[in-house]
Structure formats: structure tokens, C-alpha cells
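Read the figures in this text as sums done on the coordinates, not as results from a lab. Treat the numbers as computed from the prediction; the structure is a model and nothing was measured. All Cβ positions, even for glycine, are placed from backbone atoms using ideal geometry, and neighbour counts span all protein chains on display.
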Amino acid sequence: MTSEATPATEQKPAPPRDRLGLELLAVLTVTYAMSGLYALLEFVRDQITINHGIGFGKVQTAPIKAAEKTQYQWLDILKELLDVLGGLAPALLAVVLLLRSPGGRGLGIGLDRLRLREVGQGLGFAALIGVPGLAFVYVARQVGANAQIVVTNFPDVWYRVPALVLEAIQQGTAEEVVVCAFVLTRLTQIGWTGSRAIAASAVLRGSYHLYQGYGGFVGNAIMGVIFGWWFQRTRRVVPLVVAHSVIDAVSFVGYVYLHGHVGWI
């Protein structure tokens, strides 16, 4: 007598590769791939109009965020919170699509449960990437490979630092869930090798930082290689989210207090 598998134990068939590829294309089209293309166009425009060609030359200024300040602070605060929620939407979309895959309950990217040690790992990554990254930014600025970045021009209001920290968490979460976890997962599922997938993810990460100049592209691409290698070995994205959020938070808040006092910032 044979027993039939119950619906609860049935293994869902793996989605066809073409569908996974379309999902990947759709997510990237509405998120970081388009950001990369826009950044590339602006980069080429700046090189042609400022340097009269593609190459090292005069360093331009690259603004990142302009926040409004009105007489209705509660509306300003609500707008900032909405911006954070909207920025998390790509990560939510990626998570929902991963949930549709076989074995999707745990997502396969380390969001099944939070492990305290992953916070420590994230802080370690932040130091590993952030300290050399700061030196890299300095050198790149001196040789003209980086734009002079206006990291934030958030108005001087009492909630500036909390708002910048929330923005850093939003950016760190969205980028690592989409550009690292989702992209690497889907590229592997459609048959790409691990090294090829990491290279593609790293180039994508660098592309939407081209507004920072050559140095911004290279530095973020290197970060993408390191993060991609870690994710492929561990399938845990939380340490990367923590690291990225801490790096951005230090950059945003540090810029507020150091700009005008340190010449190359």
C-alpha cells in the first residue's frame, strides 16, 4: 500500500529559469539598474561638460539629498518617514518574490531569525570596509577621481540626526536585500556561476554610485565583491545590512559635524 504525500509536504516545483530571469529584470528595472543608468548618463555629461572628455580632471560637486524645511515640522517629519518607508519598498518586493520560491519560508537569505552575533559581525564589516574606505575616498579626492560629495544638506533641525540614521538604515536594508541577496540568489538560480554573479552584482552596485566619480564606482564595486563573497558563503544578509547601515550613518552624521572643518570632506 502506497501512501500519498499530503499537500503540506509536497515539494513545489522550481520556477522556470526564464520566469526567474524576468523577475530579476523587473525588480532591477524599477530599482538600482535604472539608478545606475541615470548615474552613468550624468557621469558622462559631467565629464564632457566639465572635463571636455572622459578622464580625470576638475572635480565636480555631487549633491546627495536635499530636505525641505517648512513651518510645519510635523509634516516635515511625516514626509521623512514616508521617504524611509518608500525606500524600503524595493526590499519588500524582493522578499515577497523570494517567498514564492520553493523553500521560500526561510527565504534562504538569513531573514528567518535574528542572531545577535550577526550584529557583531556587521559592526566588524563596517570597520573592515569603512576605515580603508575613508582612506580610499581621501586618496581619490586628491587625484581627482572622486567628486566632492555633498553627503547631505539636511536642514539644521532638532530631528536631523535621527532622520539621517533612519535614512542610513533604509538605504543599507534596501541595497543589501536587493543588490546582494536577491540578485545573487536569482542569478545563481538561473545558472550563473558564483564568481560571475558576484561580479555582476558588484558592477551594478558601483554603477549607481558613479555620481561620486571613478573612485565611487571602484570603491563600491570592491565592497560589492566582499559582501557578495560573504553572502554566498553564509546565505546571511543581516550582517551586511548592519554594516551598510552603520557606514552610511557615520558618513551622514559625520559629514554634518565635520564639513567645513576638514578640508577634503
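Could you give the nm distance between label points at Asp18 and Val203, where each point is 7 Å from its Cα heading toward the beta carbon?
2.5 nm
Between Leu258 and Glu42, what is the spin-label point distance in nm, taking each point 7 Å from the Cα along the Cα→C-beta axis?
In this crude spin-label approximation the distance works out to 2.3 nm.
From the phi of every residue in the range 126-139, what ³J(HN,Hα) in whole Hz does the Karplus formula 6.51 cos²θ - 1.76 cosθ + 1.60 yield, where θ is phi - 60° and glycine or proline is x?
4, 5, 4, 8, x, 5, x, x, 5, 5, 5, 4, 4, 5
Assuming 0.36 nm per residue, please report the length gained on full extension of the stretch Asp83 to Val96 beyond their Cα-Cα distance.
Between Asp83 and Val96, full extension yields an extra 2.6 nm.
Hey, can you grab everything whose amide H is under 5 Å from the amide H of Gly213? Only 5+ residues off in sequence or another chain; H modelled, so Pro and N-termini drop out.
Ala147
Could I have the simple spin-label model distance between Ile226 and Val139, label points 7 Å from Cα toward Cβ, reported in nm to one decimal?
Spacing of the two 7 Å Cα→Cβ label points: 1.3 nm.
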